[in-house]
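The values are calculated or read from the model by the stated rules, or taken from the named source; none is laboratory data. These figures come from a predicted structure and were not determined experimentally. Here the Cβ positions follow ideal geometry from the backbone for every residue, glycine too, while neighbour counts run over all protein chains shown.
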Amino acid sequence: MCTVVIRVPESADEPTRVLAIRDEDPERPWNALGPWWPENEGVVGVRDARAGGAWLAADPETRRLSVLLNRADVATRPESELISRGGIVLDSVLGRSPEGRPPTHGFNLVEVRADGSRVLTWDGEVLRTTDLAPGTHMIAHDDVDDPATPRIARWLGDFQAAPVGDGDRWWDAWLDVLRRSAELEPTDDRAIIRDNRPLGYPTLSLLACVALVSPDGLEVAYGELAEPGHWDELDLA
């Protein structure tokens with residue numbers, strides 16, 4: 001039930017900006033943003049300590065960033081044939097995007113490159129690609145900018161209107177939207193900072209990352225919520 005906001009520029013000379021909020025079971029251990037994969041020199045990311053993959057990963061040298069959001073699927077394969085989705089993120093950031101019929105549960109994979117961004121969607125039957133046009137988009141557990149997703153219907157316009165800056169804290173206007181969204185209860189369908197347990201999932205919002213991807217470089221910052229599922233002033237660094 002994660003959420004990603006992405007602003008795709010009009011010109012390839014301008015940076016793509018990303019805000020990603022992670023929802024996960026707090027009992028599932030993770031490692032904060034760092035270089036956790038020595039076999040993939042230079043790659044940094046948020047690591048799933050249990051399965052070893054990534055929720056978000058970035059390679060500053062190649063200007064690639066990928067982040068994964070779970071989504072429902074209609075997969076009929078037995079669980080014994082399925083693998084963790086975290087490996088897809090690492091493959092993607094290394095230039096190996098999923099193809100065919102991935103042996104995983106459903107996902108939305110956001111791929112950000114200096115020359116364009118897209119979302120790969122796997123529902124257990126069909127793998128499809130949505131190229132992201134210039135502008136601000138939201139992705140959650142259904143389709144890109146899906147008006148049937150309450151948090152997108154409520155907050156996409158606010159993120160589109162937010163005047164992100166060019167300074168070191170360009171993301172402050174987006175955090176202001178998050179702050180206002182957190183006036184909703186975390187169980188509200190429109191909430192971005194979430195408590196998904198009433199929906200039958202053991203997941204709460206845990207952390208956020210922001211990223212800037214351009215032909216000149218890639219920067220990522222990370223911050224954790226002091227209490228899962230409840231807003232506080234994120235210290236992104």
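Considering only residues that are modelled with pLDDT of 95 or more and either over 20 Å from residue 143 (Cα atoms) or among the hydroxyl-bearing types (Ser, Thr, Tyr) (or both), which ones fall in segment 88-112?
Across segment 88-112, the qualifying residues are 90, 91, 92, 93, 94, 95, 96, 97.
Where in segment 113-157 are there strands (runs of 3 or more DSSP E), lying fully within it, with 1 or more residues that are of a type outside the set (A, V, I, L, M) and surrounded by 20 or more Cβ atoms within 10 Å (Cβ to Cβ)?
116-122, 135-139
It is to be established whether one or more residues within segment 143-162 are under 30 Å from residue 233 (Cβ atoms) and either modelled with pLDDT under 95 or among the basic types (Lys, Arg) (or both).
yes
Which of the residues belonging to segment 197-216 are more than 16 Å from the chain's Cα centre (by Cα) and farther than 25 Å from residue 136 by Cα?
197, 198, 199, 200, 201, 202
Specify which of the listed residues (44, 74, 4) is touching a Gly at 6+ places or on another chain (Cβ under 7 Å) and buried (at least 20 other Cβ atoms within 10 Å of the Cβ).
Result of the check over 44, 74, 4: 44.
Quick test of your reading of the structure: residue 183 fulfils all but one of (1) among the charged types (D, E, K, R); (2) free of Cβ contacts under 8 Å to residues at least 24 places away in the same chain; (3) surrounded by 13 or more Cβ atoms within 10 Å (Cβ to Cβ). Name the failing condition by number.
That leaves (3) as the condition not met.
Of (1) part of a loop (DSSP other than H, G, I, E, B); (2) surrounded by fewer than 15 Cβ atoms within 10 Å (Cβ to Cβ), residue 176 satisfies all except one. Which?
Result: residue 176 passes all but (1).
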